[in-house]
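Worksheet: the structure to be examined is printed underneath.
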Amino acid sequence: MYSIIVVPPPTTEDESHRTQIRMAPGDRLSFGRSDSDNDLTIAHEGVSRRAGEITAQGAFWILSNHSREQTYVVENPEGAGEHIKVGPGRLDAPVPFEFSRIVLPAAGDLLPIEVWAPRHDYRSEDGLDGATTAPAFSVDRTKRYFAVLAALCEPRLRGEPHAPPPTVDQVVDRLRPNWPAASRTSVQWNIDYLAVKLRLKPAPETADTGPRLNGKKESLVSLALRFDLVREDDLVVLTEPASGRVTR
């Protein structure tokens with residue numbers, strides 16, 4: 001059973017149809033500039049002859065960096081800028097992201113290798129009796145506050161990992177087609193309510209002037225994406241009809 005899919009850097013030959021290499025648990029895929037020493041050849045003068053190796057490990061994968069000088073960065077394109085660095089000579093670095101992009105610095109170019117790990121393993125229900133565990137975060141997807149939270153998270157869920165959260169006015173504009181009564185006051189009320197509901201630390205009473213790098217909206221987006229409180233399929237709440245949704 002295949003568990004890892006590797007998509008090599010694009011070439012002029014496969015721009016319209018990217019090659020996919022499927023790996024089963026235990027499979028290894030070496031990559032580099034040399035035709036004879038690697039399973040995947042990356043024909044670029046800035047790539048080491050034996051650049052590295054990807055190993056499938058069940059539902060995840062590990063990366064070895066065989067270069068002498070280059071650090072590889074593994075990005076999570078679906079997250080909020082998360083990444084790990086794999087230094088020269090590092091072996092068997094585990095990668096925690098379901099969808100990843102290995103970025104190889106190559107003589108002025110940045111070459112992407114996409115790696116997908118779509119397989120998920122779950123334990124079966126054990127049927128234990130007793131009280132259920134209280135949820136870590138209790139959110140109701142039928143409430144307006146969830147639509148506000150989804151609007152705040154939307155840019156990063158749409159593939160802009162470093163995008164700042166939308167302004168209150170932008171959230172109002174995003175929600176107004178399905179929530180005609182949306183206003184700056186009502187959206188800000190929901191943001192303040194979310195900060196209390198999700199138990200964010202209260203902001204200091206005084207702060208330095210200038211841009212707020214860790215403001216309330218930024219903290220809400222970071223928490224929601226880190227713990228999957230809002231996923232890409234939840235963005236449907238931004239377009240579904242207002243009827244049936246609970247408003248403040």
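The values are calculated or read from the model by the stated rules, or taken from the named source; none is laboratory data. Worth saying up front: this structure is predicted, and the values here are computed from it rather than measured. Methodologically, a virtual Cβ is constructed for each residue, glycine included, from the backbone with ideal geometry; neighbour enumeration extends over all protein chains shown. For the accessible areas, the whole protein counts, side chains as well, though only heavy atoms, and no ligand, DNA or RNA atoms are used. Shrake-Rupley method; radii C 1.70, N 1.55, O 1.52, S 1.80 Å.
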Q: Rank these residues by their accessible area, most exposed first, probe 1.4 Å: Asp92, Asp173.
A: Asp173, Asp92
Q. Say the dipole of the chain comes from +1 at the beta carbon of Lys and Arg and -1 at that of Asp and Glu; which of Ser67, Ala24, Ala224 then lies farthest toward its positive end?
A. Ala224
Q.
So for the chain, averaging the separation of alpha carbon pairs under 8 Å that are six or more residues apart and normalising by length, what relative contact order in percent results?
A. 15 percent
**Q.** Coordinate range along principal axes, alpha carbons of the chain, Å, largest first
**A.** 65, 54, 39
Q: Would you calculate the separation in nanometres between label points at Thr239 and Asp140, each defined as 7 Å from the Cα along the Cα-to-beta-carbon direction?
A: 2.6 nm
**Q.** Whole-number percent relative contact order across the range 46-185, with pairs defined as alpha carbons under 8 Å at least 6 apart
**A.** 18 percent
